[in-house]
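Asks: If you scroll down you'll find the structure; I have some questions about it.
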Amino acid sequence: MSSEFHSAVVSPTGTWWKPAHKQEKRWITIAFIWCLVLFAMMPFWHIRGGQNPTGIRSRVKPTDYMARVQRFVNDYKVGEEKGFAVVEPPAGSDIYLMAQMWRWWPILKLKKNVEYTLHLSSLDVNHGFSLFPVNVNIQVVPGYDYALKITPNQAGELRIICNEFCGIGHHTMIGKIIVEE
Ligand code: CUA
């Protein structure tokens, strides 16, 4: 039989079925140990560097969350941009952002070096809150209000990109946070 032709009955040429070389075993061991090190680092990153933050979680019905956001918008709305409410909340307050196919609502206007409690929830499906260019990533899940203490430390316009595929308009789901000096 020609060595060019392989079927399920004829094994291909090669050495893949032979026992792993000593070097290969060594590298698999190193990779496995490294996995364990990274796993152990997860609680460490929580304490150092502010990664893996602790959020404040509570259950919320999407309609109730929408009512909360609407109240927040009514209280602190300062303008509008392309039909999106621009909201400037007072320092230290609870601020709300709602994810919905396919928008982030409203536009937040914040002050640099001021602490806020940012609430996130979705009205429909899972969305991904991804803040550019600072690389903050949070899952936005319907039925849960996930809140985080945040202090913007740089002025400018930040984009919120959805990083969880949420349907046909996923790529258009872009929001905005304005941080002023
Ligand atoms: Cu929302 Cu993708």
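The values are calculated or read from the model by the stated rules, or taken from the named source; none is laboratory data. Here the structure is a predicted model, which means the values were calculated and not measured. Reconstructed Cβ throughout: ideal geometry from the backbone, glycine too, with neighbour counts over all protein chains shown. Just so you know, the surface numbers come from the protein's heavy atoms only, side chains and all, with ligands and any DNA or RNA stripped out. Shrake-Rupley method; radii C 1.70, N 1.55, O 1.52, S 1.80 Å.
Asks: Give region 60-84 a look and list any residue that's under 17 Å from Ser121 (Cβ atoms) and of a type outside the set (Ser, Thr, Tyr), or say none.
Replies: Val60, Lys61, Pro62, Asp64, Met66, Ala67, Arg68, Val69, Gln70, Arg71, Phe72, Val73, listed by residue number.
Asks: If you don't mind, there's one more thing I want to ask. Consider region 85-125. How many of its residues are under 21 Å from His170 (Cβ atoms) and without any contact (Cβ under 8 Å) to a residue 40 or more places away in the chain?
Replies: Step one: list which residues in region 85-125 are under 21 Å from His170 (Cβ atoms), which gives 97-107, 120-125.
So of that shortlist, the ones also without any contact (Cβ under 8 Å) to a residue 40 or more places away in the chain come out as 98, 100, 106, 120.
Adding up the residues that qualify gives 4.
Asks: Any residue in region 151-170 that's more than 11 Å from Leu131 (Cβ to Cβ) and outside any loop (DSSP other than H, G, I, E, B): show its pairings with residues that are open to solvent by 60 Å² or more (accessible area, probe 1.4 Å) and within 7 Å of the ligand (Cβ to nearest atom) at Cβ separation under 6 Å, as long as the two are six or more apart or on different chains.
Replies: From region 151-170, no pairs qualify.
Asks: Test of understanding: among Gly175, Gly143, which residue is more than 15 Å from the chain's Cα centre (by Cα), touching a residue at least 12 places away in the same chain (Cβ under 8 Å) and in the same structural domain as Ala91 (by TED's automatic domain parsing)?
Replies: Going through Gly175, Gly143 in turn, just one is more than 15 Å from the chain's Cα centre (by Cα), touching a residue at least 12 places away in the same chain (Cβ under 8 Å) and in the same structural domain as Ala91 (by TED's automatic domain parsing): Gly143.
Asks: Oh, and also: Looking for something under 14 Å from the mean Cα position of the chain (by Cα) and among the aliphatic types (A, V, I, L, M) - is there at least one such residue anywhere in region 151-160?
Replies: Yes, that holds for at least one residue.
Asks: On the given criteria, is Ile33 among the aliphatic types (A, V, I, L, M) and touching a His at 6+ places or on another chain (Cβ under 8 Å)?
Replies: no
Asks: What number goes with the only condition from (1) at pLDDT below 95; (2) under 21 Å from Pro62 (Cα atoms) that Ala155 does not pass?
Replies: The failed condition is (2).
Asks: Scan the strands (runs of 3 or more DSSP E) fully inside region 77-150 and keep the ones with 3 or more residues being open to solvent by less than 50 Å² (accessible area, probe 1.4 Å) and farther than 14 Å from Pro62 by Cα. First the steps, then the outcome.
Replies: Numbers: elements: 77-81, 84-87, 94-100, 103-105, 107-111, 116-122, 127-132, 136-140, 144-150.
Here the list reads 84-87, 107-111, 116-122, 127-132, 144-150.
Conditions (1) within 16 Å of the ligand (Cβ to nearest atom); (2) within 22 Å of Glu181 (Cα to Cα); (3) hydrophobic (A, V, I, L, M, F, W, C), marked per residue:
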| residue | (1), (2), (3) |
| --- | --- |
| Val78 | no, yes, yes |
| Glu88 | no, yes, no |
| Glu115 | no, yes, no |
| Ser121 | yes, no, no |
| Pro142 | yes, no, no |
| Leu148 | no, yes, yes |
| Leu158 | no, yes, yes |
| Asn163 | yes, no, no |
